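Engineer: Quick one: the structure is below, questions incoming.
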Amino acid sequence: MTSSELWTRATAERYDAEESETSSAAFLGPTLTFLAALAGDGRALEFAIGTGRVGVPLRERGVPVVGIELSEHMAAVLRRKVDEDTLPVALGDMATTVVPGEFTLVYLVYNTITNLLTQDEQVECFRNAARHLGPGGRFVIELGVPPLRFLPPGQVAVPFDVSERHLGFDTFDLVEQILVSHHFTRDGDDGRYRRADSRHRYAWPAELDLMARIAGLELERRVADWDGAAFTQDSTKHVSVWRKPA
């Protein structure tokens, strides 16, 4: 088991409801189109597949999908949507767990590589992706750009959501490259908020490129979103594609 924090049963049961907007067909359309084009006629492997927010609709588009998931509770929610024969899921961490077969696409979305809290584990994640890819296969990561430009001297917190039912902000340990996401979510109408925190190791695009090189992968392209917008110094996230040489 890696340093990733395990999702609890309660968190897994709430996940789909809390991510209803990012699970909609309109939101996921560009993501699925991007991934399906890379998968082609081959198979796709999703690291940290969770409740199947991306993997299940990608399978419905005709792409054979296999998943790896650390939390048995998240995998249990996925299993209510699709059976094991249709979408196999291996319980384990994404840095070391190996599943049978060869894939044209391995992908890791929604900042999930930051769940691995050490650089060594993130490097192993790239190596594990390369291990599963056939010649010419691709590894895709969706990841936010660390928002350190918003930190004036002496400040360690950056808000990312201030809405009626949710307050969210990140605090940063700049030495260890660790951020903690703090969430205050209003569950009912009685004024009470539920608090949740999660730790992540942020990484810069150039650092990921070096991890890819260590794993024998080459950067093919980097865009700012699933629609393919140009990645610039003002981009808040990136979708990066590395290729295993043929």
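Engineer: May I ask you to list the residues in segment 190-213 that are in a loop (DSSP other than H, G, I, E, B), touching a strand residue (DSSP E or B) at 6+ places or on another chain (Cβ under 8 Å) and aromatic (Phe, Trp, Tyr)?
Structural biologist: Just the residues of segment 190-213 that are in a loop (DSSP other than H, G, I, E, B), to begin with: 190-192, 202-204.
Pick out the ones that are also touching a strand residue (DSSP E or B) at 6+ places or on another chain (Cβ under 8 Å) and you get 192, 202-203.
Matches in segment 190-213: Tyr202 only.
Engineer: Among helices (runs of 4 or more DSSP H) lying entirely in segment 23-140, which contain 1 or more residues that are open to solvent by less than 20 Å² (accessible area, probe 1.4 Å) and of a type outside the set (A, V, I, L, M)?
Structural biologist: 25-39, 55-60, 119-132
Engineer: Which residue is nearest to Leu6 (Cα to Cα), if the candidates are limited to segment 184-199 and must be basic (Lys, Arg) and surrounded by 14 or more Cβ atoms within 10 Å (Cβ to Cβ)? Walk me through it before giving the result.
Structural biologist: Initially, segment 184-199 is screened for residues basic (Lys, Arg), giving 186, 192, 194-195, 199.
Going one step further and asking which of them are surrounded by 14 or more Cβ atoms within 10 Å (Cβ to Cβ), we end up with 186, 199.
Numbers: Arg186: 23, Arg199: 11 Å.
Residue satisfying both the conditions and the ranking: Arg199.
Engineer: Still on this structure, I have one more. Hey, among the residues in segment 144-176 that are open to solvent by 80 Å² or more (accessible area, probe 1.4 Å) and of a type in the set (D, E, K, R), which one's nearest to His238 (Cα to Cα)?
Structural biologist: The residue in question is Arg149.
Engineer: Hey, another quick one. Mind listing whichever residues of segment 8-43 are under 29 Å from Arg138 (Cβ atoms) and of a type in the set (Lys, Arg)?
Structural biologist: The answer is Arg43, and nothing else.
Engineer: Could you tell me whether Glu164 is within 25 Å of Arg127 (Cβ to Cβ) and either within 17 Å of the chain's Cα centre (by Cα) or not in a strand (DSSP E or B) (or both)?
Structural biologist: When the stated conditions are applied, Glu164 does not pass them.
Engineer: Looking at Glu46, Glu5, which one is touching a residue at least 40 places away in the same chain (Cβ under 8 Å), touching a strand residue (DSSP E or B) at 6+ places or on another chain (Cβ under 7 Å) and over 18 Å from Leu105 (Cα atoms)?
Structural biologist: Glu5
Engineer: Just one of the numbered conditions (1) assigned to a strand (DSSP E or B); (2) open to solvent by 10 Å² or more (accessible area, probe 1.4 Å); (3) among the β-branched types (Val, Ile, Thr) is not true of Thr11; which one?
Structural biologist: Of everything listed in (1) assigned to a strand (DSSP E or B); (2) open to solvent by 10 Å² or more (accessible area, probe 1.4 Å); (3) among the β-branched types (Val, Ile, Thr), Thr11 misses just condition (1).
Engineer: Within segment 119-145, which residues are of a type in the set (S, T, N, Q) and out of contact with any helix residue (DSSP H, G or I) (no Cβ under 9 Å at 6 or more places or on another chain)?
Structural biologist: Of everything in segment 119-145, just one residue is of a type in the set (S, T, N, Q) and out of contact with any helix residue (DSSP H, G or I) (no Cβ under 9 Å at 6 or more places or on another chain), namely Asn128.
Engineer: Counting just the residues of segment 214-242 that are of a type in the set (A, V, I, L, M) and not in a loop (DSSP other than H, G, I, E, B), which one comes out nearest to the chain's Cα centre (by Cα)?
Structural biologist: Val239
Engineer: Run down Glu102, Glu121, Glu176 and say which single residue is of a type outside the set (Phe, Trp, Tyr) and within 20 Å of the chain's Cα centre (by Cα).
Structural biologist: Glu121
The values are calculated or read from the model by the stated rules, or taken from the named source; none is laboratory data. Just so it is clear, the model here is predicted, and its values are computed rather than measured. Glycine also receives a Cβ, built like all others from the backbone with ideal geometry; neighbour counts cover every protein chain displayed. Heads up: the accessible areas ignore ligands, DNA and RNA and are worked out on the full protein's heavy atoms, side chains in. Shrake-Rupley method; radii C 1.70, N 1.55, O 1.52, S 1.80 Å.
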